[in-house]
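Trainee: Sharing a structure below in C-alpha cells format, with a few things to ask.
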Amino acid sequence: MAAGFFSRANKSSRQILLLVPAIVLMTGVFSGCKDTLERKEGTTLSTDPIPSQYVSIADSINYGVIIKNRDGSDNWQKKWLQSFERKAFVDFLFEAVYEGRLQPYDYFSGEPISVKEVRELESKQEFTRSRIGKIQFKERWYFDTEHLQMVKQVSAVMLAYEVYRDDGSFRGYKPAFLVKLPTNLKK
C-alpha cells in the first residue's frame, strides 16, 4: 500500500514540477504583452541599421503581391498598379543577377542557382519577363511608438510568372527565382 501511495505522490510531484515552469512562462508572456510595443533602447539585433526608436514587431513577414493586371476591365487593379513600374523593376532585378550584383536562389530549396540557369529559364517557351505578374516579399517590420511611424525592410524578393493550361486558361504563378537584398541601410 505504501508503494502505491509513493508512486501516486511521485506522479503528482512530477506534474507539479512540469506545471510550475509553464505558469511562470505564461505569466511572463501575458504581463509582457502590454509592454511589447513600448519604446525600447535599440532593436533586436545589435547590427540592425534601423534607428533605435523603432521597435522590431516582426522579424519575418512573407506575402505576395499581384503586380500585373491580367484583366483590362479590372479598374481597381488598374488604379492601384498605375504607378508601379513593373517592367523596369523586373528588368533591373534580372540585370543585377546577370551582372553578379544579386545572387538568385531556387524558391523551394533555398539553394543558389547559376546565371546560366536564369538564362535557361528565359529561353523556355512558357517564360517571358512580361509574364511576371506576382512578387513575394520577405520583410522585417519596425514601429516607432513615439512618432507612430512604421518602417519595412525588404530582405528578399521572389519573382513569379504566369502559367497557363493547354486550353489557354490561367493556371497560377510559378516562382522564377528569389533574390536576397542587402539589409544594411545607411543612416
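The values are calculated or read from the model by the stated rules, or taken from the named source; none is laboratory data. Since this is a predicted model, take the numbers as computed values, not measurements. As a convention, Cβ positions derive from the backbone with ideal geometry for all residues, glycine included, and neighbour counts pool all protein chains shown.
Trainee: Against the condition under 28 Å from residue 95 (Cβ atoms), at pLDDT 95 or above and not in a strand (DSSP E or B), how does residue 127 come out, does it pass?
Mentor: When the stated conditions are applied, residue 127 passes them.
Trainee: Out of (1) surrounded by 15 or more Cβ atoms within 10 Å (Cβ to Cβ); (2) within 23 Å of residue 52 (Cα to Cα), the odd one out for residue 127 is which?
Mentor: Going through the list (1) surrounded by 15 or more Cβ atoms within 10 Å (Cβ to Cβ); (2) within 23 Å of residue 52 (Cα to Cα), residue 127 breaks only (2).
Trainee: For the subset of the range 100-124 comprising residues that are basic (Lys, Arg) and more than 24 Å from the chain's Cα centre (by Cα), which member is surrounded by the most Cβ atoms within 10 Å (Cβ to Cβ)?
Mentor: 119
Trainee: For the range 107-146, give me each residue that is charged (D, E, K, R) and within 27 Å of residue 169 (Cβ to Cβ).
Mentor: If the condition is that a residue be charged (D, E, K, R) and within 27 Å of residue 169 (Cβ to Cβ), then 120, 122, 124, 126, 129, 131, 134 are the ones that fit.
Trainee: Here are 164, 105: which of them is out of contact with any Gly (no Cβ under 8 Å at 6 or more places or on another chain) and without any contact (Cβ under 8 Å) to a residue 40 or more places away in the chain?
Mentor: 164
Trainee: Of the residues 157, 163, which single one is over 26 Å from residue 101 (Cβ atoms), β-branched (Val, Ile, Thr) and assigned to a strand (DSSP E or B)?
Mentor: Just one listed residue meets the conditions, 163.
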